[in-house]
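Working notes for the structure below.
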Amino acid sequence: MRILFITDVFFPRVNGVSTSLQTFWRELEALGHEVTIIAPEYGQQARRAPSLIRIPARVVMFDPEDRVMHRRRILDLGGELRRQNFDVIHIQTPFVAHYAGMSLAQRLNIPRIETYHTFFEEYLFHYVPFLPKPWLRFVARRFSRAQCNEVDAVVVPSTAMREVLVGYGVRSHMEVLPTGIQLEKFASGDGERFRALHDIPQTRPLLLHVGRVAFEKNISFLLRMVRLVMTTVADVLFVIAGEGPALHSLRREAQDLGLADNVLFVGNMDRESTLLDCYRAADVKVFASRTETQGLVLLEAMALGVPVVSTAIMGTKDVLQPGCGAEVVTENEREFAAAVVRVLGDSASAARLHDAGKDYVKLWAAPVMARRMVDLYQRVVADYKPQPLNNAQRAES
């Protein structure tokens with residue numbers, strides 16, 4: 001098959017959507033399919049590839065990490081893309097990519113699939129806090145329903161996200177299909193090297209949060225939890241790996257909570273080298289996001305044998321099943337801290353979580369998920385009724 005992805009975000013912008021896109025791209029090509037990606041231009045640091053079309057874009061006013069693509073430049077690709085005979089277009093994000101993708105699908109006369117990656121209802125107010133939260137939720141629900149009902153199928157990364165969209169009134173076919181994990185990418189890493197680089201004693205207890213440093217990740221809760229852990233494990237170190245709009249606020253909060261010597265911000269790291277070292281250095285991976293649609297970082301930690309303590313809200317409910325290699329707790333600071341202290345202080349418990357996690361994560365292997373995605377593509381293409389070409393389409397072909 002020939003598959004066209006279109007997205008408002010991709011590497012070097014680090015987040016779960018970028019990771020999902022790259023994983024499916026690699027796995028679909030490994031299965032013998034051809035994938036082309038339309039993504040924003042980020043400057044000289046952006047990756048280049050023959051099958052990766054970068055579109056000129058401007059910086060987003062309230063979120064300088066992101067970009068807004070020029071829609072006209074995407075639509076100008078119509079004639080060139082038509083000659084490549086794509087079978088399906090897969091829209092990954094709901095902004096310019098959605099509307100340009102819908103127009104391209106019409107011009108190319110191919111079916112449209114969209115992945116609903118982000119729980120926008122619990123996301124938008126972090127970035128436009130000057131608008132009333134109820135109004136933002138109404139807007140998020142309305143545009144989500146409208147967009148999802150326009151496409152031929154919707155991919156959701158968890159059953160919880162499907163239930164949310166059903167509640168919105170989405171009628172399109174929905175497929176629960178999470179991003180898989182490339183297990184071969186999580187077989188190395190040197191924790192001692194990471195600790196030496198950051199002058200962390202090899203025996204110092206280390207908690208880790210990996211992900212975008214954003215308000216919706218609930219990292220503030222984890223800071224307060226760490227303060228409780230310190231009453232039992234005074235020298236515990238909380239490493240926060242990632243960057244994002246909440247970074248300045250969290251640095252200030254760590255100072256205010258008296259955690260200056262117990263919190264280390266290390267920024268973004270290379271996913272195939274230094275990030276693996278960081279994971280390996282950790283004694284416990286902690287996570288408390290309220291809006292996660294899947295929770296890939298939990299699977300990454302398990303693949304590397306790192307015990308996990310996490311809440312199970314939204315998409316993480318699917319990941320954090322019994323026997324998965326994690327301590328699952330509620331969003332209660334004392335309960336969470338007690339679980340962390342228990343894992344840090346009991347080597348047998350940590351070893352059980354290590355072994356269980358490494359076995360469990362095999363169920364989430366990327367090739368398995370890619371084959372399921374191909375099956376969905378084939379079903380959608382088989383059911384699609386091509387429309388007669390109009391004059392503009394004939395001219396482009």
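The values are calculated or read from the model by the stated rules, or taken from the named source; none is laboratory data. As the structure is a computational prediction, the values presented were derived from the model and not from experiment. Neighbour counts are summed over all protein chains in view; Cβ atoms, including those assigned to glycine, are modelled from backbone coordinates with ideal geometry.
Before moving on, here are some points about what is shown:
- Residue within segment 114-123 that is among the hydrophobic types (A, V, I, L, M, F, W, C) and under 19 Å from V176 (Cα atoms) present: yes
- Taken as a whole, the condition of being surrounded by 23 or more Cβ atoms within 10 Å (Cβ to Cβ) and touching a Ser or Thr at 6+ places or on another chain (Cβ under 7 Å) applies to G315.
- If the condition is being closer than 23 Å to E335 by Cα and either over 22 Å from the mean Cα position of the chain (by Cα) or among the polar types (S, T, N, Q) (or both), then segment 239-259 contributes E253, A254, D256, L257, G258, L259.
Let's see how each residue does on (1) outside the structural domain of T159 (by TED's automatic domain parsing); (2) at pLDDT 95 or above; (3) touching a Gly at 6+ places or on another chain (Cβ under 8 Å); (4) closer than 18 Å to I181 by Cβ:
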site: L259; (1), (2), (3), (4): yes, yes, no, no
site: Q294; (1), (2), (3), (4): yes, no, yes, yes
site: A301; (1), (2), (3), (4): yes, yes, yes, yes
site: V319; (1), (2), (3), (4): yes, no, yes, yes
site: P322; (1), (2), (3), (4): yes, no, no, no
site: V343; (1), (2), (3), (4): yes, yes, no, no
site: A350; (1), (2), (3), (4): yes, yes, no, no
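- One residue alone among V381, V343, V328 is more than 28 Å from L228 (Cβ to Cβ) and either surrounded by fewer than 21 Cβ atoms within 10 Å (Cβ to Cβ) or not acidic (D, E) (or both), and that residue is V381.
- Residues in segment 23-41 that are on the phi < 0 side of the Ramachandran plot and either among the small types (G, A, S) or free of Cβ contacts under 8 Å to residues at least 12 places away in the same chain (or both): 3 in all.
- Screening segment 307-386 for helices (runs of 4 or more DSSP H) wholly inside it with 2 or more residues that are among the aromatic types (F, W, Y) and under 26 Å from P205 (Cα atoms) returns no ranges.
- Within segment 233-243, the presence of at least one residue that is outside the structural domain of T115 (by TED's automatic domain parsing), among the small types (G, A, S), under 13 Å from L264 (Cβ atoms) and modelled with pLDDT of 95 or more is confirmed.
- The residues of segment 15-33 that are outside any helix (DSSP H, G or I) and surrounded by fewer than 19 Cβ atoms within 10 Å (Cβ to Cβ), listed by number, are L31, G32, H33.
- Pairing residues of segment 42-63 that are aromatic (F, W, Y) with residues that are in a strand (DSSP E or B) and loosely packed, with under 12 Cβ neighbours inside 10 Å, at Cβ distances under 6 Å and at least 6 apart in sequence or on separate chains, gives no pairs at all.
- Per-region count, segment 46-84, residues hydrophobic (A, V, I, L, M, F, W, C), in contact with a Pro (Cβ under 9 Å, 6 or more places away or on another chain), closer than 20 Å to W25 by Cα and modelled with pLDDT of 95 or more: 1
- Pairs where the first residue, in segment 279-301, is under 17 Å from T159 (Cα atoms) and the second is surrounded by fewer than 24 Cβ atoms within 10 Å (Cβ to Cβ) and acidic (D, E), C-beta under 6 Å, 6+ apart: T291/E122; T291/E216
- For the residues G211, G242, G191, the requirement of being among the small types (G, A, S), more than 25 Å from T118 (Cβ to Cβ) and touching a residue at least 40 places away in the same chain (Cβ under 8 Å) singles out G191.
- For beta carbons closer than 6 Å, sequence separation of 6+ or different chains, a first residue in segment 131-160 that is of a type in the set (K, R) and a second that is assigned to a helix (DSSP H, G or I), the qualifying pairs are K133/F125; R137/E121; R141/Y168; R145/Y168.
- Count - residues of segment 85-100 that are closer than 20 Å to F24 by Cβ and polar (S, T, N, Q): 2
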